[in-house]
């Protein structure tokens, strides 16, 4: 299971601190609801890519002493199962619709644009539920730009954290994917 935590750090700072980051102590298991402090269960390394810089960063794992299930503490600047950071993905999507291509492959641009377009209705509904009453644009491309600007106004990390409180899959997951379980963070 994934637990999002806002470390109040950018990718570079998080990578420099590594295993010395201030990982939270969780006193209640989100899976079985037992009131026991979750125990450190090691780390695993994962890639994080932002602006062409690839970093290996540690992800802390915790284990419940009662149900024996594990929990991964994922920083809010990452999306589950994606190597690129949330900020980079939003910048890339903006560059697609503003016709200012970043120095990335056309396949990567198409991949993220396709995923975003498949989730565009869900994202518009989520933003509307969170208080935005601005009417939708007629053109799908203009609507995509409007939604991306709203995500930037919310701050991408806050958007991801709020998204997981209301949805069952990542905002960039395939439209029919319902797999990853994410615990709403504090």
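For the reader, a short list of remarks on this structure follows.
- Interatomic Cα distance distribution for the chain, bins of 5 angstrom, percent: 1, 7, 16, 19, 19, 15, 11, 6, 3, 1, 0
- Taking the C-alpha atoms only, the angle from helix 140-154 to the longest principal axis of the chain is near 40 degrees.
- Using alpha-carbon coordinates, inclination of helix 86-97 to the longest axis of the chain, degrees: 10 degrees
- Both radii are taken from the alpha-carbon atoms of segment 86-177; with Rh as the Kirkwood radius, Rg/Rh is 0.93.
- Taking the longest Cα principal axis of the chain as reference, the axis of helix 106-129 is set at about 80 degrees.
- Of all DSSP beta bridges in the chain, antiparallel share, percent nearest 5: 65 percent
- Most mobile listed residue (94, 17, 62) in the chain, GNM with C-alpha springs under 10 Å: 17
- When the square roots of the Cα gyration tensor eigenvalues are ordered a ≥ b ≥ c, the ratio a/c for segment 2-75 is 1.5 or more and a/b exceeds b/c, which makes its shape prolate.
- Three-way shape call for segment 41-131 based on the alpha-carbon gyration tensor, with the a/c threshold at 1.5: oblate
Throughout, read-outs are computed from the coordinates displayed, never taken from laboratory work. Here the structure is a predicted model, which means the values were calculated and not measured.
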